[in-house]
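Q: Here's a structure for you.
FYI, it's all coordinate maths here, none of it is from the lab. Worth saying up front: this structure is predicted, and the values here are computed from it rather than measured. Every residue, glycine among them, receives a Cβ derived from its backbone with ideal geometry; neighbour counts consider all protein chains shown.
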Amino acid sequence: MATKSIRELMGDRPVHTVAPGDVLRDVARRMATEKVGAVAVVDEGDLVGIVSERDIVFRGVGQGLASDTATAAEVMTRDPVTVQMDDAISDALAAKLGNKFRHLPVMDGDRLAGLLSYREIPAEYIMLFERFREMSTAHADDDA
């Protein structure tokens with residue numbers, strides 16, 4: 001397991017963003033063009049949310065919102081949990097990546113650096129993290 005930080009895992013990939021007022025049709029087209037499952041929602045340089053494929057389907061179109069008038073702001077996950085570029089991969093997993101979230105914004109200080117997808121985490125890290133969590137839970141039960 002040579003990869004130790006989120007920075008190493010992310011590399012220098014581009015950041016895919018949309019504005020809060022962008023309509024869902026344009027957001028979906030951007031995601032399809034870039035071949036990504038989520039985009040960060042940025043307003044005046046600040047991260048304000050994240051829109052995933054699931055958000056468009058379950059919060060948008062599936063709820064009857066029209067893709068040519070509903071906006072990213074209407075379906076986005078607001079104020080998302082973030083991790084820092086130099087955090088350990090385990091920090092992303094501890095932030096519920098894979099459980100509650102499939103995509104996690106990654107910051108480099110105050111600047112958005114990209115989105116980390118659960119499927120990008122090497123399987124051996126996930127297995128070790130899950131095993132550690134199981135052991136921690138078992139030991140906590142012993143103390144009760």
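Q: Please list, ordered by chain and number, the residues whose modelled amide H lies under 5 Å from the amide H of residue 115; skip anything fewer than 5 residues away on the same chain.
A: Excluding prolines and chain starts, which carry no amide H, the hits are 16, 106.
Q: Mind listing the phi-derived Karplus ³J(HN,Hα) values for the stretch 44-59, rounded to whole Hz, using 6.51, -1.76 and 1.60 with θ = phi - 60°, and x for any glycine or proline?
A: 6, x, 9, 5, 10, x, 9, 10, 10, 4, 5, 4, 4, 6, 7, 9
Q: Project the alpha carbons of the stretch 6-143 onto their principal axes and report the range along each, largest first, in whole Å.
A: 54, 33, 23
Q: Quick one: helix 123-143 against the long Cα principal axis of the chain, what's the angle to the nearest 10°, folded into 0 to 90?
A: 60 degrees
Q: Count charges around residue 81 for me, please; just the other residues with Cβ under 14 Å from its Cβ, Lys/Arg as +1, Asp/Glu as -1. Can you show the working numbers first?
A: Working: positive: 78, 96, 100, 102; negative: 79, 87, 91.
So the surrounding residues net to +1.
Q: Counting just the Cα atoms, what span does the stretch 1-81 cover along each of its three principal axes? Round to the nearest Å and put the largest first.
A: Here the spans come out as 46, 24, 21 Å, largest first.
Q: Run the simple label-point estimate for residue 119 and residue 94 please: 7 Å along Cα→C-beta, distance reported in nm.
A: Simple spin-label model gives 2.8 nm for this pair.
Q: Then there is this: Could you tell me how many degrees, from 0 to 90 and to the nearest 10, lie between the Cα long axis of helix 24-34 and the main elongation axis, the longest principal axis, of the Cα atoms of the chain?
A: So the helix axis and the longest Cα principal axis differ by about 60 degrees.
Q: Quote the charge dipole size of the chain about the Cα centre in Debye, to the nearest 20; the model charges only the Cβ of Lys and Arg (+1) and of Asp and Glu (-1).
A: Here the chain has a charge dipole of around 520 debye.
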